[in-house]
Every structure is written in structure tokens, then in C-alpha cells.
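The values are calculated or read from the model by the stated rules, or taken from the named source; none is laboratory data. Since the model is a prediction, treat every value here as computed from it, not as a measurement. Here the Cβ positions follow ideal geometry from the backbone for every residue, glycine too, while neighbour counts run over all protein chains shown. Heads up: the accessible areas ignore ligands, DNA and RNA and are worked out on the full protein's heavy atoms, side chains in. Shrake-Rupley method; radii C 1.70, N 1.55, O 1.52, S 1.80 Å.
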Amino acid sequence: MSYHVDEFGYYGNFGGAFIPELLYKNVQELQENYLKIIYEPEFQKEFTNLLHDYVGRPTPLYLAKRLSEKYNTNIYLKREDLNHTGAHKINNTIGQILLAKRLGKTRIIAETGAGQHGVATATVCALMNIECVVYMGEVDIKRQAPNVARMKLLGAKVVPATCGSKTLKDATNEAIRDWINNSQNTHYIIGSVVGPHPYPDMVARFQSVISEEIKKQLKEKIGKENPDAVIACVGGGSNAAGAFYHFLNEENVKLIGVEAAGKGIDTGHTAATLAIGTPGVIHACKTMLMQDVYGQITEPYSISAGLDYPGIGPLHAHLHETKRAQFISITDEEALQAAFQLCKLEGIIPALESSHALAALEKITYSEQETIVINLSGRGDKDLETYMKQMNAQEEKQTHLQNQ
Amino acid sequence: MNRTKELFQKKSKDVLSVYFTAGFPDLNSTMDILLSLQKSGVDMVEVGMPFSDPLADGPIIQHSSEVALRNGMNLDLLFEQTKDVRKHITISLVLMGYLNPLLQYGVEKFLQRAAENGFDALIVPDLPVREYEFYYKDLFEKYKIKNIFLITPDTPKERIHKIDALSDAFIYLVSTLGTTGAKTNISDEQQDYFKRIASYQLKNPLLAGFGISNKETFEKACAHTNGAIIGSAFIKALEQDKNTEQAIKNFVSSIKQPEHIHK
Ligand SMILES: Cc1ncc(COP(=O)(O)O)c(C=O)c1O
């Protein structure tokens, strides 16, 4: 079984490049050159150096003792939250900005949900002195305000997407339209393993540093490269693709992707694409997506802006179809409780997105001897407001109960 | 014979095609708009099938799509509304929409119903050439629906020839590298591009679209092509005048002289 794209950009039945002719030249240019460029020794050197000196890689693989005790197994956290800018997203933006420079592009655009990809893009644009425009849904601009401020400080222009659900899908639409209108000088840094070929494969390759490091670190720590399971949250699926990448062909490593159930997969307020989606085309990619019977894309919902997307990367649709990976979903409430638990047990405030992966521990089966790696994709500073609101509500409820 | 092909055999200059979004401004405006457009003398109509995420469209067509969907437009309803369209409409009729709704409907079922109702051609901006050739060409041919491809100022010459070989009605010449309605003039550079494509002597006629908004841009676009397509400007006109019939009459007569009026 192959878990890599074929020459037309398909993973099995999913992938491809369903772009309007207006983007043909740009996408073709990327398709023809991305592998050549990113495997040039000079590129690799610059990429690796920046990841090391600027981003702070390798990120630790941390044996979470108290969490392991609680679940009676061996849990390692891959600390992507300790990257510069606070999430895995920068692995990809460093790679793509170096690529954009080599393609002679002078302007960068990006979409963002949680704002982590927007911040990571604004950061590398500042670093390389390139103009940066970030599209962000109006709803997300409100719920991820700290990241909007960071992008502005870094010199990026943040443009609100005001259509549809005003979240990640709509920001992506606006970014694609911008790209159509400015295709000659602009490179679009897509933030996940979504969009037309070669983006899903390219982003997965940039993120694959995560599993490359996990292998080395596990070898040092437990004497073997492979864990029994890898767990990661899935919005578009880039941190999961990176954490799974070097284990895809290691069939004895369980791969577990965690989608956002929102208020529950049957409530109509969910972002669990694989749970309720059907095949179709979204953002120029054939994959699973949430849609009505007439193929209109439906509006997703999750408390977590980074998972609030009605599609999923074609690699994951393929892993799902071939059953190479297992996909589960976690509700808002379950994710919040997992976040609070990690704060108290390990002194780590996780991003809401990553909290979905943590909550999977409550849902999956494993044994005492197993080694489980959870990809902690980001830190929770951006989510403090949501966390505080929930904490206050819980405290109020408790006081209320005590008073009765 | 396919009415779109027939049109270009009879008329090789100044073909006027108008785009509107089905379900806009009102759910049931479709037939009225078609009748008024025919009466005003347009040569071809593109009936837009609204989609939630129209990536190649600017704000005006996005808005019309949003309104149409909110009004309740869907493919079953559109085919119901246009069931008897060929009892009244003799001009060329083209459907335009994005791929995902067609995939959900079933491409074959869609083509079959489109053919039954008397549509001649289909424009799907996000259906790639390769996917058309591999998966859908036979179906289009089975139902005699012509697939219309787009070319842009950036499309390489070899690719244009390939698209010409795959086309059998007309080629949609996207006038500018932008979304619909983004530009409202035709520059010298664009004229040079039209001239360049004309010099390739393709077997298919060329209709220019994107950024054609009034008499001046229509005439400039027609100078080196077989005609032009107006979309956003027409939607705007529909929006501004609640009397649809009058709005259409005024709009079309502002673009072309009334000499070619159909019955
Ligand atoms: C911390 C964090 N984790 C995960 C995601 C989801 O993206 P992906 O599925 O591409 O990893 C995001 C997206 O914004 C994020 O910020």
C-alpha cells in the first residue's frame, strides 16, 4: 500500500488539483519544481539551520510521568508547542518561504484559523523581508485576538473574511481569490495538508521533521524507534501528517487522528469531517468534506478555530479509507477537560486543538506496556480567554452547588 | 445540431453572451430573465448554478450566489424550472457552475437532465483538463453537452492547442488574470493578448469574458474575438432595478444596437 502521492497528486482516490485555469501556471510551476527545490543541498542546509537556530528544533520528546500514571501507560508528548511562535505551523512556513524566494515571488498570502499559521507566516515574512497578507475569518479574529495582534506587530496585514461561517474555510476562499488576482508575484503559503497538489505532499514533507525526530528520540530513550501509537489532532491534518509521516509504512504503529466533534457529531454543530462527510472537492482538492445533498459545503463548528474546517487533507481521507489510521472525534467539552488536566498534571497549557489529541486517551484502548506519543501541536496562550470563561463557569457551578 | 455550434456558424462577430445566477434576484426569476434576455437580442445565455464557495468569482457573483442559495435554489429546482425552456427559448443556453455540486448530483445524471431540458454546453471552471479527459469526456459526448474550457493570458501555447483539440463549441478567453468582476476596463495589453490568441488560428471560436462590463469594453473585446460574455455588470444591473424586464432591456440595449433583435 502506498501512502504517498502518485504523479498526478493523488493518494488513492483523493487529492488532485481542481484549480481554475487562472492558477494553472502557478500550480504547475510548483508541481514541477517543489521536489527539485526542496531537496537541493543548499535548500536543505538553510531549512535545517533555520529550524535549529531560529525555531529551536529539535523539540523535546517528553515522558509525561503524571499523565502516564493517571492512564497507567507510557505517554510521551512531542513538544511542538515549544517551537518559536508556539506551534508546529512554523516548520511549514520556513520551508515555503525558502521555496517562494527561490521561485522569485515577492508577496506572500496565507489563510489562518487559530492564527497560528498566520503568525508563523507573518514571522517568516518579517525574517525574509517579504510583504505578507493574512486572511482570517471574522469570527476567528474575535476568538483568537492575541494572534491577530501578533501578526500586526510582525508587520502583516490581516484581512477579515466576512462570507459564510466567517471561519477557516472562508479565509481560504479569500486567499485563493487573492492568489488568482495576484498570481504573478504572489506565493500562497497554505497552512495545512490541503489544497491542490502539490500542497498536501509538500506541507507533509516540511512537517515530517516531527516524526523524524520522534524516531531518533525514542531510540535514545527506550532503545527502539517505533512507538505503539501516535496520536494527533486533525484540522486540515498537517501536524498529524508530520507526526505520522515516517511511521506510515510501519504497519505495527497505530496511527490515531482526532477530529473536532464540536457539540457532538449528530448535533449539526461539528467539524468531524470523516465522521459525517462524503467525498467531493473543496479548495481544489478531492477529499472528504461536509456538504449537503446538493454539494453545497456546510458550515463546520468547533470551539477550536484551528480544527473548524469542513474538509480534511487527502492523505487522511486515504488513511481513513484504507484503514491505515483510526480516526476518532472529541467534543468541545472533552477537549476542555483534557486541557485543564494537562495544566494541572504536567504544568503545560496546551492549545485547544492539541487538547483534542490529549482527550483521545479517554477513548482509545491500550495496554500498560505501550508507548504512546501524543503530538502536542501548540501552546495554549491564544486560548486563555476561552479557558478562563470555561473555568469561571465551572467555578460558578460549583459554588452554586455548595450553596444549595 | 447543437445550438451553440450553430450560433457560431451563423454569426462569427460580436456574439453577446450574458451570465446570470439562477435563483437571483428571486427564486423563480429564471424563466423571466431568460425570456427577457432573448427578447432583448442576446445571442447566448449562461445560467449560473450557485455554489457555496465560488473560488473564481469576485464579490458581485459571490453575493448573487449567496442570495440564490438562501432563496432555496438547487439543481433539481433549476431543472424543474427549465423543463420547458425549449418551448420558448431558441438561443444558445450554457450552464455554468463549480464541480462539487455536479459530483454530488452525479455527473451522468446531471448531463442527462441538462440535455433533456435542451442545454447545449457546460462551463465548470474547476474541472481540470486531465480529469475531463480521463473521467468525463465520454459522458459529455454521450449526452451531446459541449464542455467549455477556459484559457488565460498565462496559458502556454501548447496547452491552448490541446484545449482547442478537446473543445467543440467555443473557448472561453479569460480576459485578465483575476476573479470575475475584478477589472472593468480592457487595456492595450489585453488587446495584444486577444490578438495573440487570434493569431493561433484555433478551430474553435473565442468568447472573451471577465471584466467586460459595457459597450466600450464589449467592442474592444470583440475586435479580435468572436464575441464576449458579460456577468458581474449584468448582475449589478439586475440588483439596481427591481423591474427585471426593464432592467434587462436597458442593459442589453446599452451594450449593442437593436438591429440583431431576435423575434
Ligand atoms: C496548535 C494547532 N494544532 C493543530 C492545528 C490544526 O491544523 P493541522 O490539522 O493542519 O495540524 C492548528 C491550526 O491552526 C493549530 O494552531
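With a cut-off of 19 Å, note down the residues of the stretch A:273-305 whose backbone N falls inside the zone around a label point 7 Å from the Cα of residue A:6 toward its beta carbon.
Residues A:279-281, A:285-288 fall inside that zone.
Between beta-carbons, use under 10 Å as the cut-off and find the net charge around residue B:244, counting Lys and Arg +1, Asp and Glu -1.
-2
For chain A, with every protein chain kept in place, what is the accessible area per residue (1.4 Å probe, Å²)?
37 Å²
Please enumerate, by chain and number, the lysines with C-alpha under 17 Å from the C-alpha of residue B:144, excluding those fewer than 8 residues away in the same chain.
Once the sequence-local lysines are set aside, what remains near residue B:144 is B:5, B:109.
How much net charge surrounds residue B:179 when only other residues with a Cβ under 11 Å from its Cβ are counted (Lys, Arg +1; Asp, Glu -1)?
Numbers: positive: A:177, B:183; negative: A:174, A:178, B:57.
Value of the local net charge: -1.
What do you get for chymotrypsin sites (Phe, Trp or Tyr not before Pro) in the stretch A:136-208 restricted to DSSP loop and a cutoff of at most 16 other Cβ within 10 Å of the site's Cβ? Could the numbers behind the result be given before it?
On the way: sites: A:179, A:188, A:206; in loops: none.
When the chymotrypsin sites (Phe, Trp or Tyr not before Pro) of the stretch A:136-208 are filtered for loop state and at most 16 Cβ neighbours within 10 Å, nothing remains.
Go through the stretch A:299-404 and name the trypsin sites (Lys or Arg not before Pro) that are in a DSSP coil and have 15 or fewer other Cβ atoms within 10 Å of their Cβ.
In loop regions of the stretch A:299-404 (DSSP not H, G, I, E or B), the sparsely surrounded trypsin sites (Lys or Arg not before Pro) are A:323, A:363.
Quick one: if you take sqrt(5λ) for each eigenvalue of the C-alpha gyration tensor of chain A, what semi-axes come out, biggest first, whole angstrom?
Ellipsoid semi-axes (Å, largest first): 30, 24, 21.
Where the accessible area of the stretch A:1-124 is counted over protein heavy atoms with a 1.4 Å probe, how much of it, in %, is carbon and sulfur?
Carbon and sulfur: 51 percent of the exposed surface of the stretch A:1-124.
Relative to the isolated chain, which residues of the stretch B:94-118 have their accessible area cut by 50 Å² or more in the presence of all protein chains (1.4 Å probe, heavy atoms, no ligands or nucleic acids)?
Residues of the stretch B:94-118 that lose at least 50 Å² of accessible area once the other chains are added: B:100, B:104.
Just want to confirm a number: the relative contact order over the stretch B:15-255, from Cα pairs under 8 angstrom separated by 6+ residues, in percent.
22 percent
Sum -39500 (n - 2.57) across every DSSP H segment of at least 4 residues in the protein assembly as shown, then divide by the residue count to get the 222 nm mean residue ellipticity, nearest 500.
Dividing the helical sum by the residues of the protein assembly as shown leaves -13000 deg cm²/dmol.
How much of the DSSP bridge set in the stretch A:234-366 is antiparallel, in percent, rounded to the nearest 5?
Around 55 percent of the beta bridges assigned by DSSP in the stretch A:234-366 are antiparallel ones.
So what J values fall out for the stretch A:153-164 if you push phi through Karplus, 6.51 cos²θ - 1.76 cosθ + 1.60 with θ = phi - 60°, rounded to Hz, Gly and Pro as x?
The phi angles translate into 4, 7, x, 8, 9, 9, 10, x, 9, 10, 8, x Hz.
For the stretch B:86-238, divide the Cα radius of gyration by the Kirkwood radius and give the resulting Rg/Rh value with two decimals.
Result for the stretch B:86-238 is an Rg/Rh of 0.97.
Roughly how many Å² of residue A:269 are accessible to a 1.4 Å probe, to the nearest 10?
The accessible area comes out at roughly 90 Å².
Need one number: buried accessible surface between chains B and A, 1.4 Å probe, both sides summed, DNA, RNA and ligands left out, in Å² to 100.
Interface area, both chains combined: 3000 Å², rounded to the nearest 100.
Please compute, for peptide A:290-299, the average count of beta-carbon atoms on other protein chains lying within 10 Å of each residue's beta-carbon. Before the final figure, lay out the partial values.
Values: counts 0, 5, 5, 6, 14, 14, 10, 5, 1, 1.
So the per-residue partner count for this stretch is 6.
Could you tell me, in Å, what Rg and Dmax come out for the Cα atoms of chain B?
When restricted to the Cα atoms of chain B, Rg and Dmax are 16.9, 47 Å.
Considering only C-alpha atoms, what is the centroid distance from the stretch A:157-178 to the stretch A:299-354, in Å?
Result: 22 Å between the Cα centres.
Round to the nearest 0.05 the FRET efficiency obtained for residue B:240 and residue A:292 when R0 = 35 Å and r is the Cβ-Cβ distance.
On the way: r = 31 Å, r/R0 = 0.89.
The pair residue B:240/residue A:292 has a calculated efficiency of 0.65.
Taking all protein chains in place and a 1.4 Å probe, what share, in percent, of the accessible surface of the stretch B:15-255 do carbon and sulfur account for?
48 percent
Over all directions, what mean area does the Cα convex hull of the stretch A:248-328 project, stated in square nanometres?
Answer in nm², one decimal: 5.5.
Check the cysteines of the protein assembly as shown one by one and keep only those with no other cysteine Cβ under 4.7 Å from their own.
So, A:163, A:233, A:285, A:343, B:222.
If you filter the stretch B:4-76 for trypsin sites (Lys or Arg not before Pro), then keep DSSP loop positions with at most 10 other Cβ within 10 Å, what is left?
Loop-located and lightly packed - B:13.
Among A:131, A:21, A:213, which one shows the biggest mean-square fluctuation in a GNM of chain A, springs joining Cα atoms closer than 10 Å?
Comparing A:131, A:21, A:213 in the GNM, the peak value goes to A:21.
Using only the alpha carbons of the stretch A:199-247, what is the convex hull's orientation-averaged projected area in square nanometres?
Averaging across all directions leaves 3.1 nm² for the Cα convex hull.
Considering only DSSP beta bridges where both residues belong to the protein assembly as shown, give the percentage that are antiparallel (nearest 5).
DSSP beta bridges in the protein assembly as shown are roughly 20 percent antiparallel.
Residue-wise, which Karplus ³J(HN,Hα) couplings in Hz belong to the stretch A:240-245, taking 6.51 cos²θ - 1.76 cosθ + 1.60, θ = phi - 60°, and x for glycine or proline?
5, 4, x, 6, 7, 2
Please work out the C-alpha center-to-center distance from the stretch B:114-192 to the stretch A:1-22 and express it in whole Å.
First find each Cα centre; the distance between them is then 22 Å.
For chain A, what does the relative contact order come out to in percent, with C-alpha contacts under 8 Å and a separation of six or more?
20 percent
Return, for the Cα atoms of the stretch A:277-381, the radius of gyration and Dmax in Å, separated by a comma.
Spelled out, the Cα radius of gyration and Dmax of the stretch A:277-381 are 15.7, 48 Å.
If amide H atoms are built 1.01 Å from N in the plane of the peptide, which residues on other chains or at least 5 residues away come under 5 Å of the amide H of residue A:329?
A:259
Rounded to whole Hz and in sequence order, give me ³J(HN,Hα) for the stretch B:136-150 from the Karplus expression 6.51 cos²θ - 1.76 cosθ + 1.60, θ = phi - 60°, writing x for Gly and Pro.
In residue order, the calculated couplings are 10, 4, 4, 5, 4, 5, 4, 9, 6, 9, 7, 8, 9, 9, 9 Hz.
List every residue whose amide H lies under 5 Å from the amide H of residue A:64, counting only residues 5 or more places away in sequence or on a different chain, with H placed 1.01 Å from N in the peptide plane.
A:75, A:76, A:77
Rank B:110, B:194, B:243 by how far each Cα sits towards the positive end of the charge dipole of the stretch B:15-255 (+1 on Lys, Arg Cβ; -1 on Asp, Glu Cβ) and give me just the farthest.
Checking the options against the dipole of the stretch B:15-255, the answer is B:194.
Any of B:83/B:146; A:36/A:101; B:11/B:242 with alpha carbons more than 21 Å apart? Name them for me.
In this structure, B:11/B:242 exceed 21 Å between Cα atoms.
Would you be so kind as to identify which of B:19, B:31, B:42 lies farthest towards the positive end of the dipole of the protein assembly as shown, taking Lys and Arg as +1 and Asp and Glu as -1 on Cβ and the Cα centre as origin?
B:42
Add +1 for every Lys or Arg and -1 for every Asp or Glu among the other residues with Cβ under 14 Å from the Cβ of residue B:116, and state the total.
Result for the local shell: +2.
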